[in-house]
1. If you take every residue apart from Ala219 with its C-beta less than 14 Å away from the C-beta of Ala219, what net charge results, scoring Lys and Arg +1 and Asp and Glu -1?
2. Compute the length gained on full extension between Arg179 and Ser273: take 0.36 nm times their separation in residues and subtract their Cα-Cα distance, giving the result in nm to one decimal.
3. Give me Ser61, Ser299, Ser24, Ser288 ranked fewest to most by other Cβ atoms within 10 Å of their Cβ, as a rough exposure proxy.
4. Would you mind ranking Thr69, Thr134 by Cβ crowding within 10 Å, fewest neighbours first?
5. Would you calculate the separation in nanometres between label points at Leu27 and Ala214, each defined as 7 Å from the Cα along the Cα-to-beta-carbon direction?
6. With a ≥ b ≥ c the root eigenvalues of the C-alpha gyration tensor of the range 52-142, is it rounded (a/c under 1.5), prolate (a/b larger than b/c) or oblate?
7. From the square roots a ≥ b ≥ c of the eigenvalues of the alpha-carbon gyration tensor of the range 1-157, which class results: rounded (a/c under 1.5), prolate (a/b over b/c), or oblate?
8. So, R0 is 45 Å and r is the distance between the beta-carbons of Ala92 and Glu261; what FRET efficiency does that work out to, to 0.05?
Amino acid sequence: MALRIGVDLGGTKIEIAAFDETASAVLRERIPAPKGDYRATLRAIADLIHGVEARLGRRGSVGIGIPGTLSPATGLVKNANSVWLIGRPLDADLAALLSRPVRLANDANCFALSEATDGAAAGYDPVFGAILGTGVGGGVVTGGRVLTGANAVAGEWGHNPLPAMSPDEWPGPACYCGRQGCIETFLSGPGLAADHARIAGQALAAEEIARRAANGDPAAAATLDRYADRLARALGAVINLLDPQAIVLGGGLSNLSWLYEAVSARWAPYVFSDRVDTRLLPPRHGDSSGVRGAAWLWSPEEAEHVEDAEAERNARG
């Protein structure tokens, strides 16, 4: 009867959900994130977990998705766009507050794990989860587990150069990572908006561009056409390297339903194969995949062990 708790730590919100042995959410809550304050972030997460457990009358395993990753070299957070987490021993600090081990993973990895476990890509292996939102991230799941890698950056396709750039695209926009032409600068929501502003001279959000394209606006339609071609190129490179059975898209731009057919129809020239059998899929769990995948960082058997250890500790007084 294991209880698994997942936490999705974002830049603007913290979401928590508790899942029973049937993988059903029995409790869910969201609060604003204490932006810029590390200690307040720790307290907010601990208070949420303690509150959930008090209401359910039991303890569980804790997995947390973060907008970054833990450095294998230092054990500290790196590559986080929530910059107040960088250089902090987040897992150790939370383990001390909660009196139990916790598991942390990149939020894109949590998304990929959720969709590979019981989501759109269940039954496929390996699976690549691609986040197309404020940034561009990715996660790899194989054998039911997240592939972390020697440097804890497996799946970070967003900071590779956009493949097969045309002369008009070269060298590409500047990226906050210090390089130019990163996939993220083209395929994120802000990247899509910036491309439209450069070509069409209109400062519009990605959602408005999509709305105008659906209503027949030729400039917006042309922007989305460029986007689909770039996404096909970028995912073609992923297929050449990883050869996943399925790719699941997440983030706000994954809601563009036409994108799946359009990209699948375009990526063959960029894949080193006589045909492409990889499936391109929309997410089943949507924006809940992050918190679900965080909970799935523990198996049911491992979560049961956490509860047994707590019961034994209480029995000893």
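1. Numbers: positive: Arg198, Arg211, Arg212, Arg226; negative: Asp195, Glu208, Asp217, Asp225.
So the environment of Ala219 carries a net charge of 0.
2. Details: separation 94, 0.36 × 94 = 33.84 nm, distance 3.04 nm.
Here the segment from Arg179 to Ser273 would lengthen by 30.8 nm.
3. Details: Ser61 25, Ser299 14, Ser24 8, Ser288 19.
The most exposed by this proxy come first: Ser24, Ser299, Ser288, Ser61.
4. Thr134, Thr69
5. In this crude spin-label approximation the distance works out to 3.7 nm.
6. Details: a/c = 2.09, a/b = 1.20, b/c = 1.74.
Oblate shape, in that a/c is at least 1.5 and b/c is the bigger or equal ratio.
7. Working: a/c = 1.64, a/b = 1.10, b/c = 1.49.
In terms of gyration-tensor shape, oblate.
8. Working: r = 46 Å, r/R0 = 1.02.
So the FRET efficiency works out to roughly 0.45.
No value in this document is a laboratory result; all are computed from the given coordinates. This is a predicted model, so every value here is computed, not measured. Cβ: placed from backbone, ideal geometry, glycine included. Neighbour counts: every protein chain shown.
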